[in-house]
Each structure stands twice: as C-alpha cells, then as structure tokens.
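Novice: Below are the structure tokens for one structure; questions will follow.
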Amino acid sequence: MIGGIISECKVTGNSKISASAGYSGGLIGHVIGGEITACSSSCKVWGGQSSKSLGGLIGELKSKKGCGTTMLRCTSSGDISVGGGSSIGGLIGYLEAEDSGIIITKCSSVGNVFSTGTVLTSFGGLIGNLNSATVENCFSTGTILNDENSLINAYYVGGLIGYCTEGTITDCYHIEGKVGGENGIGGLIGFVNNKDYFSKIERSFASNLNVNGQTNVGGLIGRFNEGATKTVTVSQCFANTSVNGSTYNVGGLIGFICNASVTDCYSVGKVEGSESIGGLIGYVNDGNSTVSYCYSVATVISKSSKNYGELIGYINSPTANGFKCDNSYYLEDEVNSSYGQGKSKEQLKDRTTYTGWNILDTNTLGTRWWIDSKIANAINDGFPYLANIKYP
C-alpha cells in the first residue's frame, strides 16, 4: 500500500496471523507513506525461520520523497512468536524514512515478543529496526526475547527498539517484564548505530525490568557503534533495572558507549557481570564521550573482580585522555570508581551535595531535578529524580 489515510481500523479477538517469510503484520504487511491513526490489533502474529519485517500491527513502514508518514495513537496487544529472522517489533517490524520523515506519536505495544529459534537480529518491544524517525510519547511492556534457549545468536534486542539508526526518541519507556539476548541488549534500546548518524534519546526510561545478556548489556541501552563518528545525546534518562551480563561491558544505564554525551541521567537497581561492569556505564571506548550531572546508586557485582566501578567500569586506555566525567556521583558504600565522586547515602539524599546541578525541592517549576528526601515515603527513596519525566 502507498500513501492514503488509515484510521480507526481494528483486528480483534483471538485470531492468528502466520507467515513463513516476507512482510507480516497484525493489520498491515507493508505500507509507504500516509497517515495511520487510532488503529489497533490484538491478534497473535507468528513468523517462521526466515521472518523479516514482522510486527504486531505493521510489518514494514516506510516514507519516500513527497510521501511523509505519521502514526498516531496506534496499539498492539497480541503476542509475537518467531522461529528466526530480523526486524521484529511488538508494533512495527521495520521502519525507514528514505527522504521524508516518519513521526510515531502516542503509540504502544503491550504484548510479548518470543523466539522459538536462533540467529535473530533487531528485536524490539515497539519497533524492531528504526531508520531515520522520531518516536515520541510511546511505550511498551512485556517480555522481549527472554527465553533462555534463544539467548544465543540473538543480537540487538531492546525493550522499546532493537536497532536504532538516526532516531530521536523522546518521552518513551519500557516497563515490567524481561529483555534478553546475546549481544547489544538494552531495557529500552539494544543498539544505536552512530557510525555516520546522529541520534538523540531524552526524557526516557526503563523500569521494573530484568535485562539479561552476554555482552554489551545495559539497563537503558546495550551498546553504540564502536566505530562511531557521530555523537549520540542521552539526556534526562534513567534505568531502574536488574542487569545481568555473563561476560563483559555491562552497565546499569549503558553497557558500551562511543561518541556519546550522557547528561542528567541516573541508575538504580543491580548490575552484575564478569568484566567492565559499571553502575552507570560498563565500558567507554573513546575519548570523545562525556558524562555529566549523573549518578548511580546501583549495586555492582563483578563475578571476576576485574574492571568494575560504581559509576564507570572501564575506559579504553589508549583513548581515555579526552574522556570527561563532571559533576557525577556514586554511592561509595558499594564499589569505588575511577571516575566521579563517591558519597555516602546521606550525602546523596542531600540537595546541597549536587553543586552546579539544576536541582530544587519537589514541585518547583523550571528545574531539571527534584529531590524530596525530607518527607515520608519519598519518591525514588529520597535520591534525586528527573522533574521532566512523564511517569506512568
């Protein structure tokens, strides 16, 4: 289908869509351009070993020159099960803007994405593979590819987006459930390809999740491109997750960064791995990245007692000279860190600790951070939290 308007279309009941290959969706297999509004699907979608571009609502969504695309208030709630393949999403499998932009707004997926096979790439709770699009005010829930039998050869798995190239992700979240795979596993985004493309993730979070993988595993983002030439901006984000990586590059917020600006972010929960384990970031691969106005109170557990820290696990030594970590803190009662400043729990609940931060008491307008440690049943256990996050 090319262009046009699709509005208030629904697939309901216990129906099942089955496809061995090609573009498959609970409502639409393939569409180029147009407006898609208030559409939904509750049917189950099944794909075979060669599945490609398979989604709970739409298999593949594109825009071309003179044919922009918008998608508003669309949902999917049925489970997806696949035997293999790539670009599998709870709402959209594959999304690409060739010339005109794509904007996805106020959309959601609350089903599970399972696998019955191996060799899988780009799996997301909302979108499997995103290329040049804006996603705003969207969310997903549920388990994404967490079957222990399918963790091997499962790459780029995210609670919201599996693989992201040139994306703007704003006011989005994934909550509840499990996210799992082998390499590039994140509570929100599995892999951000910033080799030649800019991306921005802001005011977004992952919470109440178990995130499991082997390598490059993060509570919010699994990994960036190690040959990155463009900067990814991660701002006003947090992860409240349990992250477990069986090998290396495991972080409470991000597992592996390269050419990234991480500002006004935090992590709580637990982080466990064997090497390069960090409460906030597991591994920093370059000297261009920066971390500022961030903190971690996550519990860090290293299985090998090698290269781990409460804030940052390890910096790639040949490129470490340019790396900057400013005005950032960690809970010194847990594990020390080569970067950031260690503070006690009491200090981290005291607003005066955060010199230079845009932080004020709760319900004060015009500030980036709030803290309410002086009242009973304080939000975030009395530690600072982000004022501009739209909590569910």
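Novice: Surrounded by fewer than 23 Cβ atoms within 10 Å (Cβ to Cβ), touching a residue at least 60 places away in the same chain (Cβ under 8 Å) and over 22 Å from Thr168 (Cβ atoms), is that true of Asn210? Can you show your working first?
Specialist: Numbers: surrounded by fewer than 23 Cβ atoms within 10 Å (Cβ to Cβ): yes; touching a residue at least 60 places away in the same chain (Cβ under 8 Å): yes; over 22 Å from Thr168 (Cβ atoms): yes.
For Asn210, the condition - surrounded by fewer than 23 Cβ atoms within 10 Å (Cβ to Cβ), touching a residue at least 60 places away in the same chain (Cβ under 8 Å) and over 22 Å from Thr168 (Cβ atoms) - is met.
Novice: Quick one: in the range 333-350, of everything that is modelled with pLDDT under 85 and within 8 Å of Glu310 (Cβ to Cβ), which residue is surrounded by the most Cβ atoms within 10 Å (Cβ to Cβ)?
Specialist: The extreme case among them is Ser337.
Novice: A follow-up question, please. Scan the range 41-74 for residues that are of a type in the set (S, T, N, Q) and surrounded by fewer than 21 Cβ atoms within 10 Å (Cβ to Cβ) and report the count.
Specialist: The total comes to 4.
Novice: Is it true that Tyr266 is surrounded by 24 or more Cβ atoms within 10 Å (Cβ to Cβ), under 22 Å from the mean Cα position of the chain (by Cα), more than 22 Å from Asn210 (Cβ to Cβ) and touching a residue at least 60 places away in the same chain (Cβ under 8 Å)?
Specialist: Here the answer is no, as Tyr266 does not meet what is asked.
Novice: When you scan the range 1-47, how many residues do you find that are in a strand (DSSP E or B), over 25 Å from Thr116 (Cβ atoms) and either of a type in the set (A, V, I, L, M) or at pLDDT below 90 (or both)?
Specialist: So the answer is 7.
Novice: For His30, work out the one condition from (1) touching an Asp or Glu at 6+ places or on another chain (Cβ under 7 Å); (2) crowded, with 19+ Cβ neighbours inside 10 Å; (3) within 15 Å of Gly89 (Cα to Cα) it doesn't fulfil.
Specialist: All conditions pass for His30, except number (2).
Novice: Then there is this: Restricting the range 81-133 to residues that are of a type in the set (D, E, K, R) and at pLDDT 85 or above, which is farthest from Asp196 (Cα to Cα)?
Specialist: Looking at the filtered set, the residue picked out is Lys106.
Novice: Out of the range 279-299, which residues are buried (at least 23 other Cβ atoms within 10 Å of the Cβ) and farther than 24 Å from Arg351 by Cα? Break it down into steps so the answer makes sense when it comes.
Specialist: Our first condition is that a residue be buried (at least 23 other Cβ atoms within 10 Å of the Cβ); within the range 279-299, this holds for 279-285, 289, 291, 293-298.
Selection gives Gly282, Tyr283, Val284, Asn285, Ser289.
Novice: May I pose another question? For the range 32-88, how many residues meet the condition of being of a type in the set (Lys, Arg) and either free of Cβ contacts under 8 Å to residues at least 12 places away in the same chain or under 22 Å from Glu98 (Cα atoms) (or both)? Can you show your working first?
Specialist: Of all residues in the range 32-88, those of a type in the set (Lys, Arg) come to 44, 52, 62, 64-65, 73.
Cutting the leftovers down to either free of Cβ contacts under 8 Å to residues at least 12 places away in the same chain or under 22 Å from Glu98 (Cα atoms) (or both) gives us 52, 62, 64-65.
So the answer is 4.
Novice: Right, another one. Which residues, counting only those in the range 210-237, are aliphatic (A, V, I, L, M), at pLDDT 95 or above and in a strand (DSSP E or B)?
Specialist: Correct list: Val211, Val217, Ile221, Val234.
Novice: Sticking with this structure for a sec: Tally up the residues in the range 165-174 that are buried (at least 20 other Cβ atoms within 10 Å of the Cβ) and modelled with pLDDT of 95 or more, please.
Specialist: Looking only at that region, the number is 4.
Novice: Name the single residue, out of those in the range 354-369 being surrounded by 15 or more Cβ atoms within 10 Å (Cβ to Cβ) and among the polar types (S, T, N, Q), that is modelled with the highest pLDDT.
Specialist: Of everything passing the filter in the range 354-369, Thr367 is modelled with the highest pLDDT.
Novice: Here is a follow-up. Name the single residue, out of those in the range 370-385 being surrounded by 16 or more Cβ atoms within 10 Å (Cβ to Cβ) and touching a helix residue (DSSP H, G or I) at 6+ places or on another chain (Cβ under 9 Å), that is farthest from Asn307 (Cα to Cα).
Specialist: It comes out as Asp372.
Novice: Now, a different point. So for the range 116-131 (the condition being assigned to a strand (DSSP E or B), more than 15 Å from the chain's Cα centre (by Cα) and of a type in the set (Phe, Trp, Tyr)), does at least one residue qualify?
Specialist: No, there is no match, as no residue in the range 116-131 is assigned to a strand (DSSP E or B), more than 15 Å from the chain's Cα centre (by Cα) and of a type in the set (Phe, Trp, Tyr).
The values are calculated or read from the model by the stated rules, or taken from the named source; none is laboratory data. If you're wondering where the values come from, they're calculated on a predicted model, not measured in any experiment. Cβ coordinates were reconstructed from backbone atoms using ideal geometry, including for glycine residues, and neighbour counts include every protein chain displayed.
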